[in-house]
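Peer 1: Have a look at the structure that comes next, please.
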Amino acid sequence: MSGTFESVNEKIIKSKKRVQNHGEVFTPKRIVKKMLDLPHIRQACQNLTSTFLEPGAGEGAFLVEVLNKKMKMVLKNYGNDLTQYENYSLLALSTLYGVELLEDNAQKCVMNMHQVYYEAYQQQAIVHGAKMKNKVLDSAKLIISKNIAQGNFLTKSSASGNPIVFSEWQPVNLRTNTKTIKVQRTEYTLEDIIEGVKKADGEPSIHSEKVKQLDFFDLFNNEEIPVIEAKRMRYIPVKITDVYKEVMEEING
Ligand SMILES: C[S@@+](CC[C@H](N)C(=O)[O-])C[C@H]1O[C@@H](n2cnc3c(N)ncnc32)[C@H](O)[C@@H]1O
């Protein structure tokens, strides 16, 4: 009964023009659920480290449902320990990627992913009589914002015209009962991913590289004007609850 009610009220088309211009027709929830229930996909949804990339993500119909399924797995396996729940839920979140052309859809997709994560975490915090931690929420926000790109999947470029860049969040020494997970972040362009390029651990993409510049006051300490060099940086392995800090170190040599 509630299923019928839901599908009657579900909006799958925003406007005729958007359907014509962008092929925008959202997949109804019950169809998404049926598709994700196909045996091999169901299995992948239950595996916390299997990755998903949705090329025309819309408002995240598939990603949101996969996240729901993964969060249920995290609850089942790590619900007794809030620290483990926080760590494994962020790991699950870090495996979901999407590209969406239209700004409003991409924003809604980000918000929908965040809402699923937030509500599941909030529920668990209540069960454990604890408060949600800011570092967990901030890391969730950072991961979602890096994993959902507004851009064109066909040209592989973002809204700003630069190549689409995704972060890989590779768990370091993950064992069955690890309590706090460390991850190594490495950036790849969508082109790199499709071409199967392997980069050095921690390497940022040149399209999002942070440049560390000499201190401004150094200019007054030397007679000669120093050359402002761009330092080569890389992400260092960090606790998954600390990824929001985006800590990098300088590469020597
Ligand atoms: C048929 S809808 C499906 C949306 C979502 N996957 C779902 O099942 O509800 C296709 C989506 O792809 C987006 N899209 C169209 N062309 C695209 C492109 N070149 N790159 C990325 N997204 C695109 C549209 O804006 C639209 O949101």
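Peer 1: Could you tell me what % of all Cα pairs in region 10-49 have separations over 10 Å? Each step should come with its number before you reach the end.
Peer 2: Values: 566 of 780 pairs.
Considering region 10-49, 73 percent of its Cα-Cα pairs are separated by more than 10 Å.
Peer 1: Each residue of region 173-182 in order: what ³J(HN,Hα) in whole Hz does its phi give by Karplus 6.51 cos²θ - 1.76 cosθ + 1.60, θ = phi - 60°, with x for Gly and Pro?
Peer 2: Per-residue couplings from phi come out as 6, 6, 10, 3, 10, 3, 8, 10, 8, 9 Hz.
Peer 1: Using amide H atoms built 1.01 Å from N in the peptide plane, name the residues 5+ places from VAL172, or on other chains, whose amide H lies under 5 Å from its own.
Peer 2: Excluding prolines and chain starts, which carry no amide H, the hits are LYS182, VAL183, GLN184.
Peer 1: Still on this structure, please answer the following. Amide H to amide H under 5 Å from ALA149: which residues, 5+ apart in sequence or cross-chain, H placed 1.01 Å off N in plane?
Peer 2: Amide H neighbours of ALA149, under 5 Å, 5+ apart: GLY98, VAL99, GLU100.
Peer 1: Where is the GNM fluctuation largest for the chain (alpha-carbon springs, 10 angstrom cutoff): VAL32, VAL66, VAL243?
Peer 2: In this elastic network of the chain, the residue with the biggest mean-square fluctuation among VAL32, VAL66, VAL243 is VAL32.
Peer 1: Once neighbouring chains are kept in place and the probe is 1.4 Å, which whole percent of the accessible area of the chain is contributed by carbon and sulfur?
Peer 2: Using a 1.4 Å probe with all protein chains present, the chain comes out at 52 percent carbon and sulfur.
Peer 1: Sticking with this structure for a sec: Rounding to the nearest 20 debye, state how big the charge dipole of the chain is about its Cα centre with +1 on each Lys and Arg Cβ and -1 on each Asp and Glu Cβ.
Peer 2: Dipole magnitude for the chain comes out near 1340 debye.
Peer 1: Given a 1.4 Å probe, how much area per residue of region 5-147 is accessible, in Å²?
Peer 2: 53 Å²
Peer 1: Per the helix-only calculation at 222 nm, which mean residue ellipticity applies to the chain, given -39500 (n - 2.57) for every DSSP H run of n ≥ 4 and division by its residues, nearest 500 deg cm²/dmol? Could the numbers behind the result be given before it?
Peer 2: On the way: 10 runs with 110 residues, N = 253.
My calculation for the chain gives -13000 deg cm²/dmol from helical runs alone.
Peer 1: Let me ask another. Would you mind estimating how fast the chain diffuses translationally, via Stokes-Einstein at 4 °C and 1.567 mPa s with the Kirkwood radius over Cα pairs, in µm²/s? Could the numbers behind the result be given before it?
Peer 2: Numbers: Rh = 20.1 Å.
Reported coefficient: 65 µm²/s.
Peer 1: Okay, moving on. In region 30-141, with Lys and Arg counted as +1 and Asp and Glu as -1 at Cβ, which of these residues, GLN122, LEU93, LEU75, has the Cα nearest the positive end of the dipole, that is, farthest along it?
Peer 2: My answer, from the dipole projection, is LEU75.
Peer 1: Let me ask something else. Treating region 1-96 as a set of equal point scatterers at the Cα positions, no solvent, please give the Debye-formula log₁₀ I(q)/I(0) at q = 0.13, 0.15, 0.21 Å⁻¹.
Peer 2: The Cα Debye sum returns log10 ratios of -0.55, -0.70, -1.05.
Peer 1: GLN43 to LEU174: FRET efficiency via 1/(1 + (r/R0)^6), r the Cβ-Cβ distance, R0 22 Å, to the nearest 0.05?
Peer 2: 0.70
Peer 1: Filter the cross-link list LYS146/LYS231; LYS69/LYS141; LYS34/LYS156; LYS29/LYS70; LYS135/LYS245 down to pairs whose alpha-carbon distance in this structure exceeds 21 Å.
Peer 2: On the way: LYS146/LYS231 23 Å; LYS69/LYS141 19 Å; LYS34/LYS156 30 Å; LYS29/LYS70 17 Å; LYS135/LYS245 9 Å.
Result: LYS146/LYS231; LYS34/LYS156 exceed 21 Å.
Peer 1: Any chance you could list the semi-axes, whole Å, largest first, of the equivalent ellipsoid that the Cα gyration tensor gives for region 41-176, using √(5λ)? Each step should come with its number before you reach the end.
Peer 2: On the way: eigenvalues 141, 46, 36 Å².
Taking √(5λ) for each Cα gyration eigenvalue gives 27, 15, 13 Å.
Peer 1: Still on this structure, I have one more. Tell me, what ³J(HN,Hα) does each residue in region 190-196 have, in order and in whole Hz, if you take phi through Karplus 6.51 cos²θ - 1.76 cosθ + 1.60 with θ = phi - 60° and put x for Gly and Pro?
Peer 2: Working through the residues one at a time gives 4, 4, 3, 5, 5, 7, x Hz.
Peer 1: Then there's this: Contour minus end-to-end for THR83 and LYS135, with contour as 0.36 nm per residue of separation and end-to-end as the Cα-Cα distance?
Peer 2: Computed gain between THR83 and LYS135 is 17.5 nm.
The values are calculated or read from the model by the stated rules, or taken from the named source; none is laboratory data. Given the structure is predicted, the values throughout are model-derived calculations rather than measurements. Here the Cβ is made from the backbone with ideal geometry for all residues, glycine too, and neighbour counts use every protein chain on show. The protein model used for the area step is the full one, side chains on, heavy atoms only, and it has no ligands, DNA or RNA in it. Shrake-Rupley method; radii C 1.70, N 1.55, O 1.52, S 1.80 Å.
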